[in-house]
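Quick notes on the structure that follows.
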Amino acid sequence: MTALNRRDLGLLALRVGTGAVLAAHGTQKLLGWFGGGGIEGTTKAMEAMGFSPGRESAVAAGLGEAGGGVMLALGLATPAAGAAAAGAMAGAVAVHAPSGFFAMSGGFEYPAFLGFTAAAIGIAGAGRYSLDHATGHVLDRPWVVATAFIGTALAAAAVVGRRAEAIAQPAAAEEPEPEHGSASGSEG
């Protein structure tokens, strides 16, 4: 009989806790559970935050959080789960960044923490007490780690970049044009 491994127990606790929080947030977006807006409310919120198309963004964020969270908690396809959750949190960080770092002022502290935690679990692996271990790590190979994180980083950069452009366009349109010449209209 093997003794319980503290490292693997720690990974289990971290996975389950982080995964449950992410899954709860995702189900708010997708299903309206726990006081969330559901897909319709999340679609409107995504559009208001500058994500386009709104519905697809809402579904992607909800699936990244709920799906990534459940998979992290189970320790299944852990690299893909961690990458998906981290990618969803990258979008949330972009939304909260203008408010600074700390969550109490609306900053990005909390989504950044969730994203970094999910990414770290995805990179480290789920540990012995997981479905990845039970299945011989079929979905937890080095190439899966690389593919999942590179793909998610590219997708998150594209989504966040597109949002930044969408937000910048109305702001640029509202700026007054600079005046040319002097007030009297004559030069020199």
Quiz item: At a 1.4 Å probe radius, carbon and sulfur cover how many percent of the accessible area of segment 31-153?
Solution: 74
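Could you report segment 1-91's accessible area per residue, 1.4 Å probe, as an integer in Å²? Please list the in-between numbers first.
On the way: 4250 Å² over 91 residues.
Using a 1.4 Å probe on heavy atoms only, each residue of segment 1-91 averages 47 Å².
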Self-check item: Summed side-chain charge close to ALA77 - residues other than ALA77 whose Cβ falls under 13 Å, Lys, Arg +1, Asp, Glu -1
Solution: 0
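May I ask for the Rg/Rh ratio of the chain, computed from Cα atoms with Rh as the Kirkwood radius, given to two decimals?
Working: Rg = 21.2 Å, Rh = 18.0 Å.
Reported Rg/Rh, Kirkwood definition of Rh: 1.17.
Please give the peptides 145-151, 80-86 ranked by average Cβ packing (other Cβ atoms within 10 Å per residue), highest first, as a rough proxy for protection.
Details: 145-151: 15.9, 80-86: 29.0.
Ranked from most to least packed, the peptides come out as 80-86, 145-151.
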Quiz item: Pairing the Cα long axis of helix 54-74 with the longest principal axis of the chain, what angle in degrees results, from 0 to 90 and rounded to the nearest 10?
Solution: 20
Exercise. Taking the Cα centre of segment 71-175 as origin, work out the dipole magnitude from +1 charges on Lys and Arg Cβ and -1 charges on Asp and Glu Cβ, in debye rounded to 20.
Key: 340
Quiz item: So, counting K/R as plus one and D/E as minus one, what does the shell of residues with Cβ under 14 Å around ALA156 add up to?
Solution: +1
Practice problem: Quick one: net charge around GLY122, please, counting Lys, Arg +1 and Asp, Glu -1 for every other residue with C-beta under 15 Å from its C-beta. | Solution: -1
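The values are calculated or read from the model by the stated rules, or taken from the named source; none is laboratory data. Just so it is clear, the model here is predicted, and its values are computed rather than measured. Ideal geometry is used to build each Cβ from the backbone, glycine not excepted, and the neighbour counts take in all protein chains shown. Just the protein is used for accessible areas: all its heavy atoms, side chains included, with ligands, DNA and RNA removed. Shrake-Rupley method; radii C 1.70, N 1.55, O 1.52, S 1.80 Å.
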